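K.L.:
Let me begin by handing over the structure; questions about it come next.
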Amino acid sequence: MASPADLLRVCDPGEYYRSFLERDLLPDGRATSEFRPLSLQLGVISSAYGSAMVRQGGACVVVSVQPEVSVPIDGSGFIVVNVDSSLDATDASLSMQAQLEDTVACLHSLIDDDAIVNRKSLVVVAEKIAWTLYVEVLVLSVDGGLTDATVSALVGALADLRLPSISLKDEATDDDRPFELSKAALVISDARHRLELVDYPVSSTFVFHKATCADGDAKKRKRAVMRCICDPSEQLLALMTGACNVVVGRQGQVYRVNRGGGGEGVSISTLDTVVSLAAKRQQSVELVIEQALRMRAD
Amino acid sequence: MDTEMSSNTNDGETSAVSMTKLRTLRAQLSVLHRADGSVALQQGGTVVWAAVYGPGDSTASKRLNDRAFIDVLFKPKVSRPANDIGATKENVSPLLRGTCESMVDIRRHPRTLIELVVQELTDDGGLRAVCLTAGCLALLDAGIPMTAVFCGVSVALMPDDRLVLDPPLKEQKMATALFTFALKSAESEVEMISCDTNGRFQFDDFKRAVSLAIEAAAEVFLFYREMMQRKLSLG
């Protein structure tokens with residue numbers, strides 16, 4: 001026999017969540033300003049040059065990086081991202097598909113803005129050799145937090161990446177003949193080096209809930225407080241439209257503020273709260289990544 | 001109905017004036033006769049066409065029992081592969097879809113499909129914001145019931161910390177960050193409902209950009225009013 005709370009959750013999810021949110025709580029026991037714990041493991045795929053698995057709340061994502069040698073264009077290398085999800089196209093709800101699309105857009109945006117790795121640093125020999133990093137993102141499960149988990153996994157995998165040192169066998173300065181990569185002789189040493197990460201961007205997702213006023217006073221309703229809820233679960237995401245995704249790096253550097261539409265406008269003060277929560281989150285996640293790197297080195 | 005709203009901007013040059021004024025807005029409603037609503041919108045040098053079909057019949061995959069399904073299709077001038085990192089920057093579909101779902105009265109037409117197609121014709125900066133504006137105009141032209149009107153405004157952050165409102169492409173390329181906002185107007189109050197950013201910035205820059213966008217949106221909403229008055233032949 002299901003409990004009254006479970007019945008309420010099925011019949012009127014809005015009312016169910018409202019009873020928790022009024023007390024700044026969420027059904028899983030955490031405060032609305034708390035994120036779900038993040039667990040990060042590096043080097044989970046031994047055949048990959050760099051990999052990371054991140055579990056945040058209910059989302060589990062594995063990212064692996066495979067470097068390939070290529071010719072640089074405009075003085076920089078490349079990062080190509082492919083997202084593979086185990087979510088069946090027919091099963092995945094609209095909300096999950098939208099999350100997946102947003103995650104891909106977020107990754108592309110971070111790579112294009114050189115937020116994690118400066119693609120110019122992927123050049124090994126000017127105008128001749130550069131790395132192309134093929135990033136495979138495998139989404140294992142989703143319960144909200146997909147973008148957050150994926151961004152952390154990407155940063156982890158790139159931090160974990162060990163590139164072999166390569167050089168051209170004969171540095172012939174015969175510049176008249178065009179350089180052909182397929183005919184070049186490369187020297188690949190066993191030495192591996194890590195990439196220098198530009199920043200450790202961290203993604204945080206929020207939804208907003210407007211506290212309802214019992215009385216019909218319109219003015220009071222307008223001044224009603226907009227509650228920020230950190231790291232919403234899947235059901236909460238589907239219930240409340242207008243999730244906001246913020247990606248911040250060190251020292252207040254913001255890489256992305258994205259909100260895909262919601263009935264309620266977002267005021268500056270709400271955004272202030274959101275960004276400060278995101279900044280705190282960035283610091284704690286950066287510590288987790290650094291700790292994981294230290295453990296890997298041992 | 002061709003309506004032009006002029007503003008004293010010089011489209012290509014960077015001057016103190018261009019910082020706080022939108023480029024010239026020109027629009028023509030009902031340009032496509034087969035669509036339920038359509039608009040050809042030009043903002044400065046950026047030209048976009050938008051068409052709305054619906055509320056109408058849909059396939060089972062696009063049918064929701066309690067609300068209308070909003071399908072947004074953005075057609076760039078040059079189609080690029082899905083893996084292209086640069087392409088997602090210009091993709092306005094998620095932003096527009098999310099905005100439409102909150103602004104259109106979807107509960108009124110359950111089990112139907114409302115299709116919004118936006119075609120890029122010329123990109124001279126601020127493309128996504130212009131697509132948002134065109135989307136709303138097309139919805140208004142189609143007479144789709146909405147809870148509020150919305151528009152798109154883009155703001156660029158230049159390397160010298162200057163903010164440029166509605167930048168032309170030349171300036172947009174030199175910007176360190178580009179903000180695209182969707183703003184709604186309800187009861188004469190303008191609020192920001194959606195946003196997306198490209199590039200890196202400090203949060204204070206973002207706040208300044210939001211205020212600038214909210215001010216500028218008032219002009220666009222006035223333009224909507226003029227357009228609709230012309231269309232319905234009032235005053």
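The values are calculated or read from the model by the stated rules, or taken from the named source; none is laboratory data. The structure displayed is predicted, hence computed values, not measured ones. Cβ: placed from backbone, ideal geometry, glycine included. Neighbour counts: every protein chain shown.
K.L.:
Given A:Leu271, A:Leu237, A:Leu287, which one is aliphatic (A, V, I, L, M), part of a helix (DSSP H, G or I) and facing chain B (nearest Cβ under 8 Å)?
P.N.:
Values: A:Leu237 fails: facing chain B (nearest Cβ under 8 Å); A:Leu287 fails: facing chain B (nearest Cβ under 8 Å).
Only one candidate qualifies: A:Leu271.
K.L.:
Can we say B:Arg67 is without any contact (Cβ under 8 Å) to a residue 12 or more places away in the chain and either surrounded by 16 or more Cβ atoms within 10 Å (Cβ to Cβ) or within 14 Å of chain A (Cβ to nearest Cβ) (or both)? Quick ask: steps written out before the conclusion?
P.N.:
Values: without any contact (Cβ under 8 Å) to a residue 12 or more places away in the chain: no; either surrounded by 16 or more Cβ atoms within 10 Å (Cβ to Cβ) or within 14 Å of chain A (Cβ to nearest Cβ) (or both): yes.
When the stated conditions are applied, B:Arg67 does not pass them.
K.L.:
Another question about this same structure. Residue under question is A:Asn245, and the condition is that it be more than 9 Å from every other protein chain (Cβ to nearest Cβ), of a type outside the set (A, V, I, L, M, F, W, C) and either closer than 19 Å to B:Gly152 by Cα or not in a helix (DSSP H, G or I) (or both); does it hold?
P.N.:
Yes: the conditions hold for A:Asn245.
K.L.:
Pick from the range A:107-121 the residues that are farther than 15 Å from B:Asn198 by Cα and surrounded by 20 or more Cβ atoms within 10 Å (Cβ to Cβ): which of them is farthest from the other protein chains (Cβ to nearest Cβ)?
P.N.:
Here is the first cut: in the range A:107-121, the residues farther than 15 Å from B:Asn198 by Cα are A:117-121.
Next cut, surrounded by 20 or more Cβ atoms within 10 Å (Cβ to Cβ) only: A:117, A:119.
Values: A:Val117: 13, A:Arg119: 10 Å.
The residue in question is A:Val117.
K.L.:
Next question, about the same structure. Taking into account only those residues within the range B:71-90 that are free of Cβ contacts under 8 Å to residues at least 12 places away in the same chain and touching an Asp or Glu at 6+ places or on another chain (Cβ under 7 Å), which is nearest to the other protein chains (Cβ to nearest Cβ)?
P.N.:
Our first condition is that a residue be free of Cβ contacts under 8 Å to residues at least 12 places away in the same chain; within the range B:71-90, this holds for B:78-88.
Pick out the ones that are also touching an Asp or Glu at 6+ places or on another chain (Cβ under 7 Å) and you get B:85-86.
Numbers: B:Ile85: 5, B:Gly86: 7 Å.
For the range B:71-90, the residue satisfying everything is B:Ile85.
K.L.:
Would you check which residues across the range B:223-235 are in contact (Cβ under 8 Å) with a residue 24 or more places away in the chain and either aromatic (Phe, Trp, Tyr) or loosely packed, with under 13 Cβ neighbours inside 10 Å (or both) and list them?
P.N.:
If we filter the range B:223-235 for residues that are in contact (Cβ under 8 Å) with a residue 24 or more places away in the chain, which is where we start, we get B:223-224, B:226-228, B:230-231.
Listed by number, the residues that qualify are B:Phe223, B:Tyr224.
K.L.:
Taking the conditions exactly as written (in contact (Cβ under 8 Å) with a residue 40 or more places away in the chain, within 14 Å of chain A (Cβ to nearest Cβ) and not hydrophobic (A, V, I, L, M, F, W, C)), does B:Arg128 satisfy them or not?
P.N.:
Numbers: in contact (Cβ under 8 Å) with a residue 40 or more places away in the chain: yes; within 14 Å of chain A (Cβ to nearest Cβ): yes; not hydrophobic (A, V, I, L, M, F, W, C): yes.
Judged against the criteria, B:Arg128 is a match.
K.L.:
I would also like to ask the following. State the number of residues belonging to the range B:141-166 that are assigned to a loop (DSSP other than H, G, I, E, B) and either within 29 Å of B:Ser30 (Cβ to Cβ) or within 11 Å of chain A (Cβ to nearest Cβ) (or both).
P.N.:
6
So that you can scan it fast, the table gives a plain yes or no per residue for (1) in a strand (DSSP E or B); (2) at pLDDT 90 or above:
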{"position": "A:Arg23", "(1), (2)": "no, no"}
{"position": "A:Arg36", "(1), (2)": "no, yes"}
{"position": "A:Gln41", "(1), (2)": "yes, yes"}
{"position": "A:Val44", "(1), (2)": "no, yes"}
{"position": "A:Ala48", "(1), (2)": "no, yes"}
{"position": "A:Val54", "(1), (2)": "yes, yes"}
{"position": "A:Cys60", "(1), (2)": "yes, yes"}
{"position": "A:Glu68", "(1), (2)": "yes, yes"}
{"position": "A:Val80", "(1), (2)": "yes, yes"}
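K.L.:
With (1) part of a helix (DSSP H, G or I); (2) modelled with pLDDT of 90 or more; (3) away from chain A (no Cβ under 14 Å) as the list, and B:Ser18 as the residue in question, which single condition is left unmet?
P.N.:
Answer for B:Ser18: the failing condition is (2).
K.L.:
Which residue, of A:Val44, A:Val63, A:Val81, is within 14 Å of chain B (Cβ to nearest Cβ), surrounded by 16 or more Cβ atoms within 10 Å (Cβ to Cβ) and either small (Gly, Ala, Ser) or closer than 30 Å to A:Leu277 by Cβ (or both)? I'd like the intermediate steps shown before the answer.
P.N.:
Values: A:Val44 fails: within 14 Å of chain B (Cβ to nearest Cβ); A:Val63 fails: within 14 Å of chain B (Cβ to nearest Cβ).
After applying the criteria, what remains is A:Val81.
K.L.:
Still on this structure, I have one more. Being basic (Lys, Arg) and closer than 16 Å to B:Glu191 by Cα is the filter here; which residues of the range B:91-150 pass it?
P.N.:
Restricting attention to the range B:91-150, the residues satisfying the condition of being basic (Lys, Arg) are B:97, B:107-108, B:111, B:128.
None - no residue of the range B:91-150 is basic (Lys, Arg) and closer than 16 Å to B:Glu191 by Cα, so the list stays empty.
K.L.:
Is there any pair with a first residue in the range B:189-215 that is within 7 Å of chain A (Cβ to nearest Cβ) and a second that is charged (D, E, K, R) and part of a strand (DSSP E or B) whose Cβ atoms are under 6 Å apart and which are 6 or more apart or on different chains, and what are they?
P.N.:
Partner pairs satisfying both residue conditions: B:Glu191/B:Lys184; B:Ile193/B:Lys184; B:Ser194/A:Arg259; B:Cys195/A:Arg259; B:Thr197/A:Arg256.
K.L.:
Out of all the residues in the range B:170-188, which are within 23 Å of B:Thr46 (Cβ to Cβ) and more than 9 Å from chain A (Cβ to nearest Cβ)? Spell out the reasoning first.
P.N.:
The initial filter retains those residues of the range B:170-188 that are within 23 Å of B:Thr46 (Cβ to Cβ), namely B:170-185.
Selection gives B:Lys170, B:Glu171, B:Gln172, B:Lys173, B:Met174, B:Ala175, B:Thr176, B:Leu178, B:Thr180, B:Phe181, B:Ser185.
K.L.:
Next question, about the same structure. Checking B:Asp124 against (1) out of contact with any Lys or Arg (no Cβ under 9 Å at 6 or more places or on another chain); (2) outside any strand (DSSP E or B); (3) not aromatic (Phe, Trp, Tyr), which single condition isn't satisfied?
P.N.:
(1)
K.L.:
Which ones in the range B:76-90 are farther than 15 Å from B:Ala134 by Cβ and at pLDDT 80 or above? Write out each step before concluding.
P.N.:
Of the residues in the range B:76-90, the ones farther than 15 Å from B:Ala134 by Cβ are B:78-89.
B:Val78, B:Ser79, listed by residue number.
K.L.:
Could you list, in sequence order, the residues of the range B:140-191 that are of a type outside the set (Lys, Arg), crowded, with 24+ Cβ neighbours inside 10 Å and within 14 Å of the chain's Cα centre (by Cα)?
P.N.:
Residues satisfying the conditions are B:Phe150, B:Cys151, B:Gly152, B:Val153, B:Ser154, B:Val155, B:Asp166, B:Phe179, B:Thr180, B:Phe181, B:Ala182, B:Leu183.
K.L.:
Go through the range A:251-268 residue by residue and tally those that are touching a residue at least 12 places away in the same chain (Cβ under 8 Å), facing another protein chain (nearest Cβ under 7 Å) and either under 13 Å from B:Ala182 (Cα atoms) or crowded, with 23+ Cβ neighbours inside 10 Å (or both).
P.N.:
11
K.L.:
Still on this model: Any chance the range B:27-35 includes a residue that's buried (at least 20 other Cβ atoms within 10 Å of the Cβ), in contact with a strand residue (DSSP E or B) (Cβ under 9 Å, 6 or more places away or on another chain), closer than 23 Å to B:Leu183 by Cβ and more than 11 Å from chain A (Cβ to nearest Cβ)?
P.N.:
yes
K.L.:
Further, regarding this structure: Residues in the range B:167-215 that are assigned to a strand (DSSP E or B), among the polar types (S, T, N, Q) and out of contact with any Lys or Arg (no Cβ under 7 Å at 6 or more places or on another chain): how many?
P.N.:
The initial filter retains those residues of the range B:167-215 that are assigned to a strand (DSSP E or B), namely B:177-186, B:189-199, B:201-202.
Within this subset, residues satisfying the condition of being among the polar types (S, T, N, Q) are B:180, B:185, B:194, B:197-198, B:202.
Now drop any that are not out of contact with any Lys or Arg (no Cβ under 7 Å at 6 or more places or on another chain), which leaves B:185, B:202.
Number satisfying all stated conditions: 2.
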